[in-house]
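This report refers to the structure that appears directly beneath it.
Any read-out appearing in this document is the output of simple, stated calculations on the displayed coordinates, not a laboratory observation. Computed from a prediction, not measured in an experiment: that's the story for all the values here. Every residue, glycine among them, receives a Cβ derived from its backbone with ideal geometry; neighbour counts consider all protein chains shown.
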Amino acid sequence: MKKITILGATGSIGASTLSVIEHNRDDFSVYALAAHSNVDKMYQLCLKWQPEYAVMADHASALQLQKKLAFIKSPTSVLAGMDGLCEISSSPKVDMVMAAIVGSSGLLPTMAAVKAGKRILLANKESLVMSGQFFIDAAKQYGAQILPVDSEHNAIFQCLSQNVQADIGYCDLQANGVESILLTGSGGPFRYSDISTLPQMTPEMAIAHPNWSMGPKISVDSATMMNKGLEFIEAKWLFNARQDQLKVLIHPQSVIHSMVQYNDGSVIAQLGEPDMCTPIALSMSYPNRILSGVKSLDFTQLAELTFLAPDMSRYPCLQLAIDACYTGQHATTAINAANEVSVQAFLDRKLKFTDIAIVNDKIMSKVCRLSTLSTESLESLLELDRIARIYAEELVAERT
Ligand code: NAD
Ligand code: MG
């Protein structure tokens, strides 16, 4: 029986992870659940899953949850804040940690799991984008096993040989016959919209993703294709890829989840229904397979599969993130922080859809000009993230 901690239990990935556990109750049990502040949802989850611990990042919410659980004499103990998140990620009782907090708040608890040598089911791509080499080196130093949950990276992982799978972060793609990784993306809800209409797009329109059901931040990132940009950076670190080994391809149907092109002309792709339970199940069971609850793909019901190159004038955030990827850690930490602020401001109707890229661009350039900022330690990366957020908040305030 493997014990799992779920960071981000009340979110979309959290729900899918619990659904996979539901199908495999003899093999997995929930050790701890964590979320930000949704007390009612967490209370329901505690009733159903009876974890040893529930953690609310927000202290007031933790107190409320504790009272509600004490009232029914629940066996679940409640912890609060970052210390609580790190405790349930690193406990000796835990085998694997689902890292599914959204955004940079996921970095420290995920890193706590890395330093405790856990199996990390990595959904929180922002933590890898923010800390890159640092994250990969820590995983090696502490013997943590990183399993990509992001559907594209999980697909790529499945298309690579065992040699490469065993050497995440350090593998030599070329020596293993890989010519390039084809990172596919749907292009989001505005892929066919007239570019001149993009400034008028509302949060409701941006969140209505054509194929996947996801949390609000990643849904907006899919509409700008910043998500694919973050995934480009994520792929660089996971697969130790050079810029010329990574290509982005728009595939509107989201049936192929990514591909690997080999130097003998072969292309290996991973296909399936667009349902995160598939990559989550593999990350939990690797190298074996378990039931995920996802129906099998019915090829007779598929219409055509189409592909096109991304038009960077429609997706400036994608180009910015690709540029950041090979500029350096300052650039990727800064663009990630700026993007969290600009996306939230768009969701709060303080920015236009097209302003997201403008804010991201300006903040990335500004931070890259500050030669005094170090990227040598986790603390300095968090400081860089903090400064980039302050600049981004100021810029948002100027534009509203
Ligand atoms: P979501 O918004 O549905 O859920 C986010 C979760 O994080 C919630 O449980 C929330 O309570 C928790 N959270 C937020 N801030 C927190 C904080 N400061 N401390 C503790 N918990 C906090 O998001 P999601 O769609 O489930 O995405 C989660 C992560 O997985 C993101 O990094 C996203 O990029 C990645 N991801 C999601 C999908 C998907 O299909 N949803 C696919 C690939 C990758
Ligand atoms: Mg993805």
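Descriptive notes on the structure:
- Among the residues of the stretch 237-269, those identified as out of contact with any strand residue (DSSP E or B) (no Cβ under 7 Å at 6 or more places or on another chain) and either among the aliphatic types (A, V, I, L, M) or under 15 Å from Leu308 (Cβ atoms) (or both) are Pro252, Gln253, Ser254.
- Only residues that are polar (S, T, N, Q) and over 16 Å from Gly188 (Cα atoms) were counted in the stretch 209-247, giving 3.
- When Ile168 is tested against (1) crowded, with 16+ Cβ neighbours inside 10 Å; (2) closer than 24 Å to Asp348 by Cα; (3) out of contact with any His (no Cβ under 9 Å at 6 or more places or on another chain), exactly one condition is not met: (2).
- Enumeration of residues in the stretch 280-310 that are assigned to a loop (DSSP other than H, G, I, E, B), over 30 Å from Ala99 (Cα atoms) and polar (S, T, N, Q): Thr306
- Residues located in the stretch 198-228, provided they are assigned to a loop (DSSP other than H, G, I, E, B) and within 13 Å of the chain's Cα centre (by Cα): Met214, Gly215
- If you go through the stretch 116-133 and keep only what is out of contact with any Gly (no Cβ under 7 Å at 6 or more places or on another chain) and surrounded by 21 or more Cβ atoms within 10 Å (Cβ to Cβ), you end up with Lys118, Ile120, Leu121, Leu122, Ala123, Lys125, Leu128, Val129, Met130, Ser131, Gly132.
- Looking across the stretch 353-390, just one residue is among the β-branched types (Val, Ile, Thr), exposed (fewer than 15 other Cβ atoms within 10 Å of the Cβ) and not in a loop (DSSP other than H, G, I, E, B), and that is Ile390.
- In the stretch 141-156, of all residues being within 13 Å of ligand 1 (Cβ to nearest atom) and not aliphatic (A, V, I, L, M), the one that is surrounded by the most Cβ atoms within 10 Å (Cβ to Cβ) corresponds to His153.
- Checked against the criterion of being away from ligand 1 (no atom under 14 Å from the Cβ), under 17 Å from the mean Cα position of the chain (by Cα) and not aliphatic (A, V, I, L, M), the candidates Gly117, Gly132, Gly106 yield just one match: Gly132.
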